[in-house]
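Have a look at the structure below before the remarks.
The values are calculated or read from the model by the stated rules, or taken from the named source; none is laboratory data. Being a predicted model, the structure only gives us computed values, none of them experimental. When we count neighbours, we look across all protein chains shown, and the Cβ atoms used for this are built from the backbone with ideal geometry, even at glycine. Note: areas computed on protein heavy atoms with side chains; ligands, DNA, RNA excluded. Shrake-Rupley method; radii C 1.70, N 1.55, O 1.52, S 1.80 Å.
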Amino acid sequence: MFNLKRKKQQTVDTIDYENIPQHIGIIMDGNGRWAKRRGLPRSAGHAAGAKTLDKITRCAEKLGVRYVTVYAFSTENWKRPKDEVDSLMKLMVDYLDDYKRVLGGDNIRIRIVGRRDELSEEIIRKIDIVENATKDNDKITLVIALNYGGREELVSAARKIAEAVKSGRIAPEDIDEKMISDNIYTSFMPDPDFIIRPSGELRLSNFLLWQSAYSEFWFSDICWPDFTEADLHRAVIDFQKRNRRFGGV
Ligand code: IPE
Ligand code: IPE
Ligand code: MG
């Protein structure tokens, strides 16, 4: 019954390829609950979530999306039990080792944003290798937010700008919105048009705070490992019905 309804909806609503969000942010949430429902360890949920990431990145590329930013590990996620944090970091290492097999042929550029300081030397080395190896890929950029927090990002930008003022390179009056945007981790890309959060939670959890000022939001109860191409299409069709005014009329 549910399937029939979903099918019908898809034939009525179709994607407008002239109005694809350039940049989609995704809060990949619900891995733990997905695993729990199946009687599996949380790490199995995270592994399943990584597979979903590959699939959804390819779907976004097919749609013509230019940037996908995914929240993989927040500055607050260090609060989790050590074995879960270790399994998430191990998954990240495997992902970085495996990117060629998983994403390599698809002309996908990979960038990692977030604070590097707490990350292991091994991960930092692998990040550099992958970012460098994919730097000429230009079809879609997959941005992985790792040890990322929107507040930490703004603190780090404020410090950089304060240093510039202290050294006399700029005056306090020179500080404007563009300067903040140029000094945060995501300076190389436009703000997200659209932010998707599965898992049923209705919050940002410190994701892209500055950048999401005028983003459209889409929430769903689906846990991230269950997220499908049809869900992405449904979300994009909803996005296309929004009237983005940016404060105007
Ligand atoms: C998201 O899934 C992945 C990370 C935060 C690293 P969760 O692990 O938060 O899954 P739930 O929210 O407990 O279901
Ligand atoms: C946000 O999810 C972080 C990631 C998806 C990486 P959380 O599961 O950490 O967020 P809260 O704790 O439910 O707000
Ligand atoms: Mg969660």
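Residues in segment 27-36 include none that are away from ligand 1 (no atom under 16 Å from the Cβ), among the acidic types (D, E) and at pLDDT 95 or above.
Checking the stated criteria, R42 turns out not to satisfy the condition of being of a type in the set (K, R) and either loosely packed, with under 15 Cβ neighbours inside 10 Å or more than 16 Å from ligand 1 (Cβ to nearest atom) (or both).
In segment 43-66, the residue that is nearest to ligand 3 (Cβ to nearest atom) out of those that are more than 25 Å from G150 (Cα to Cα) and not small (G, A, S) is K51. If you check I184, I196 for being open to solvent by less than 20 Å² (accessible area, probe 1.4 Å) and within 16 Å of ligand 2 (Cβ to nearest atom), only one passes: I196. Of all the criteria given as (1) out of contact with any Ser or Thr (no Cβ under 8 Å at 6 or more places or on another chain); (2) at pLDDT 95 or above; (3) of a type outside the set (A, V, I, L, M, F, W, C), the one not satisfied by E84 is (1). Would you be able to say whether some residue in segment 92-115 is at pLDDT 95 or above, open to solvent by 40 Å² or more (accessible area, probe 1.4 Å) and within 16 Å of ligand 3 (Cβ to nearest atom)? No; the residues of segment 92-115 include none that is at pLDDT 95 or above, open to solvent by 40 Å² or more (accessible area, probe 1.4 Å) and within 16 Å of ligand 3 (Cβ to nearest atom). A residue that is among the hydrophobic types (A, V, I, L, M, F, W, C) and under 16 Å from the mean Cα position of the chain (by Cα) occurs nowhere in segment 151-159. The combined condition, being touching a helix residue (DSSP H, G or I) at 6+ places or on another chain (Cβ under 8 Å) and at positive phi, is fulfilled by S199. Looking at I222, I175, I180, I170, can you tell me which residue is in contact with a Pro (Cβ under 9 Å, 6 or more places away or on another chain) and among the β-branched types (V, I, T)? Result: I222 is the single residue among I222, I175, I180, I170 that is in contact with a Pro (Cβ under 9 Å, 6 or more places away or on another chain) and among the β-branched types (V, I, T).
Listed conditions (1) hydrophobic (A, V, I, L, M, F, W, C); (2) touching a Ser or Thr at 6+ places or on another chain (Cβ under 8 Å); (3) at pLDDT below 95 are all met by V249, apart from (2). Listed by position, the helices (runs of 4 or more DSSP H) inside segment 149-249 whose residues that are touching a residue at least 12 places away in the same chain (Cβ under 8 Å) and in contact with a Cys (Cβ under 9 Å, 6 or more places away or on another chain) number at least 2 are 229-239. Taking the criterion of being in contact with a helix residue (DSSP H, G or I) (Cβ under 9 Å, 6 or more places away or on another chain), under 29 Å from R80 (Cα atoms) and in contact (Cβ under 8 Å) with a residue 60 or more places away in the chain, the residues of segment 123-148 that qualify are L142, I144, L146, N147.
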